[in-house]
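These notes concern the structure reproduced below.
The values are calculated or read from the model by the stated rules, or taken from the named source; none is laboratory data. Note that the structure is a prediction, hence the values are computed from the model and not measured. Ideal geometry is used to build each Cβ from the backbone, glycine not excepted, and the neighbour counts take in all protein chains shown.
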Amino acid sequence: MSDAQYDYIIVGAGSAGAALAARLTEDARVKVLLLEAGKASHPYSRFPISFGLLIDDPAANWCYRSAPEANTNNREIPVPRGKLLGGSSAINGLVYVRGQPMDYDTWAQMGARGWSWQDVAPVFRRMENFEGGDDGVRGVGGPLHVSEVPDQNPLYDALFKAGEAAGYKRNRDYNGLDQEGVVKTQTTIRRGVRMSTAQAYLRPARGRSNLHIVTEAMTHRVLLEGTRCVGVAYERGGQMVEARAGREVILSAGAVATPQILELSGIGRPDILQAHGVTVKHVLAAVGENFRDHLNARIQWKVIDPAASYNPRARGLGLVGETLRYLFARGGFFSLPSAPLLAFLKTRPELEAPDVQMHMVPYAIKNPKKRQLHDFPGMTVAVYQLRPESLGSIHIQSPDPKAQPAIRFNFLHDSIDQRTMVDGFRMIRNIVESKPLDPYRGEEFSPGKAVASDAEILDYIRKNSETAYHPIGTCRMGPGSNTVVDDQLRVHGISGLRVADASIFPTMPSGNTNAPSIMVGEKAADLIRAG
Ligand SMILES: Cc1cc2nc3c(=O)[nH]c(=O)nc-3n(C[C@H](O)[C@H](O)[C@H](O)COP(=O)(O)OP(=O)(O)OC[C@H]3O[C@@H](n4cnc5c(N)ncnc54)[C@H](O)[C@@H]3O)c2cc1C
């Protein structure tokens, strides 16, 4: 296909972009060019445990770092983002969370009409192939396989009982209408293999003659004729190429790169563009603002019973056993998502819905070197606030498309965020220190009991916590001057240009962000088809 023949150009083949490309090309008359800066695949990506291996591998990951900020002790926090077909879904922790119905009703209430729970629930349903079956809320037969973690471990049973002892129920389907409780994780894993959107959506679509996928093609900017977007300029193999779209360009480069591409194209805040020598083509002050992420704080314990922790089994001879277990039974260490157990809990009983999420992991890592395990049996429980209030920003800091933008989290700026993180941290200890875990719980070695007062806990969080890898909101959807796209995902004031990825979320969904990002890609296809 020559460039002139494309109806749509999609930039970024990640969670949203791959789903969008696959859905649009179901109509054989529609011709799509899908541009992805990363490679087609990475040999580790299909194994779930690759989460820990690809976290800092530039062959599959943009490996950004945040700007140092006083709120988090002036640290440069690593910001991994997937750089492969499948985007971040090809390197992520495989945890599958839709969020709470209230999240989407909030979006609609903020002016994103057509995005309420009632509107998005059918989209979540059609994208799923949930092993637990169709109960009217969950979906079967969709492209994305969703399965509950099959791994068994007496530590998991003890954690469920510990949750109950602390007053928290067990929930059999947190992706139903009620999220609250301690739960076995649902994952984007099928028979031990990662279901990235490259696997789930692009693989079945790749043979279509109307879908042209170009990898290692880095988009520098969109092409504008006045206020109409007519195509993109991208670099491949050291050559610049211009591709034109007959109908529209859709940016799906994710919450870090999409605002960067808009700014490099001259769309954004004039002061920021001019400071970096970019000619202002269209003033849109909200580009790169409204940035949120989850701040993740961990507590680690030694585990008394070595059989209950993966630390001994994921080293030396144990590793041989785990390899065989994976190869022959698709089980064990290599088949785990980033956390086999989760908890969605309220820090205060009067809350309407959970405000913190915990990830429970049957091993201990040398933080922040995630690929290194401790040489003693351990366990980790981490917490983040589900819907943080603090707002940061992502803006260009150079006119060079290859220079990463400045990522300013502004974590813990809001006092509610500080309070919720400290409360969530205490709740972890409350659960793990309860009686059912007595046979397993050894010493809390990180941070250790000496970190006890609210001030000490907050200080520990400032010095040690990291992102949970869920950047969103930098091209916020809605009406008004503090948004970038309308409820049809069209960039305000520019025709022929939409955004479809996690950058459009007006607020943080309550949980991990892969499922909502795929939902955005699916829904974008509906909106585009509807004209
Ligand atoms: C390490 C890690 C762990 C995570 N764990 C989980 C989890 O367990 N569960 C969960 O629900 N979520 C998880 N997430 C978050 C989730 O994966 C993301 O929210 C989601 O994938 C975002 O989708 P997206 O479409 O917005 O962007 P992405 O999936 O990141 O896709 C953006 C794509 O655009 C490409 N791109 C960027 N710039 C350009 C350019 N200039 N030209 C061309 N292409 C470009 C990128 O290479 C990428 O392929 C994790 C993320 C990471 C990084």
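Descriptive notes on the structure:
- Selected residue (only one of Glu444, Glu433, Glu522, Glu456 is closer than 30 Å to Ala162 by Cα, in contact (Cβ under 8 Å) with a residue 40 or more places away in the chain and acidic (Asp, Glu)): Glu444
- For segment 166-202, residues that are of a type in the set (Gly, Ala, Ser), in a strand (DSSP E or B) and surrounded by fewer than 19 Cβ atoms within 10 Å (Cβ to Cβ) total 0.
- Subset of segment 259-307 [out of contact with any helix residue (DSSP H, G or I) (no Cβ under 9 Å at 6 or more places or on another chain), closer than 30 Å to Arg441 by Cβ, more than 16 Å from the ligand (Cβ to nearest atom) and outside any strand (DSSP E or B)]: Ile304, Pro306
Yes/no per residue for (1) within 16 Å of the ligand (Cβ to nearest atom); (2) part of a helix (DSSP H, G or I); (3) touching a residue at least 60 places away in the same chain (Cβ under 8 Å):
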position	(1), (2), (3)
Asp103	yes, yes, yes
Ala108	no, yes, no
Val120	yes, yes, yes
Val123	yes, yes, yes
Gly136	no, no, no
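- Annotation note: of Pro506, Pro479, the sole residue that is away from the ligand (no atom under 14 Å from the Cβ) and in contact with a helix residue (DSSP H, G or I) (Cβ under 7 Å, 6 or more places away or on another chain) is Pro506.
- Breaking point among (1) part of a loop (DSSP other than H, G, I, E, B); (2) within 24 Å of Pro150 (Cα to Cα), for Trp115: (2)
- Sole exception among (1) surrounded by fewer than 20 Cβ atoms within 10 Å (Cβ to Cβ); (2) in contact with an Asp or Glu (Cβ under 7 Å, 6 or more places away or on another chain) for Ala59, by number: (2)
- Qualifying residue in segment 474-485 (condition: in contact with an Asp or Glu (Cβ under 8 Å, 6 or more places away or on another chain) and of a type in the set (Lys, Arg)): yes
- Qualifying residue in segment 77-93 (condition: assigned to a helix (DSSP H, G or I), within 16 Å of the ligand (Cβ to nearest atom), closer than 22 Å to Pro479 by Cα and under 20 Å from the mean Cα position of the chain (by Cα)): no
- Pick from segment 219-258, criterion hydroxyl-bearing (Ser, Thr, Tyr) and assigned to a strand (DSSP E or B), ranking: nearest to the ligand (Cβ to nearest atom): Thr219
- Hey, Asp438 in contact (Cβ under 8 Å) with a residue 40 or more places away in the chain and over 20 Å from the mean Cα position of the chain (by Cα) or not: no
Residues checked against (1) over 29 Å from Val11 (Cα atoms); (2) not small (Gly, Ala, Ser):
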site: Asn175; (1), (2): yes, yes
site: Thr197; (1), (2): no, yes
site: Ala200; (1), (2): no, no
site: His212; (1), (2): no, yes
site: Glu225; (1), (2): no, yes
site: Tyr234; (1), (2): no, yes
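- Filtered by the rule that a residue be under 16 Å from Arg529 (Cα atoms) and more than 12 Å from the ligand (Cβ to nearest atom), segment 16-72 gives Ala22, Arg23, Leu24, Thr25, Glu26, Asp27, Ala28, Arg29, Val30, Lys31, Val32.
- Any hit, segment 386-406, residues being closer than 30 Å to Pro154 by Cα and within 20 Å of the chain's Cα centre (by Cα): yes
- Residue match in segment 24-35 (condition: assigned to a helix (DSSP H, G or I) and farther than 18 Å from Asn512 by Cβ): yes
- Looking only at residues in segment 312-348 that are at pLDDT 95 or above and more than 19 Å from Pro150 (Cβ to Cβ), the one that is surrounded by the most Cβ atoms within 10 Å (Cβ to Cβ) is Ala343.
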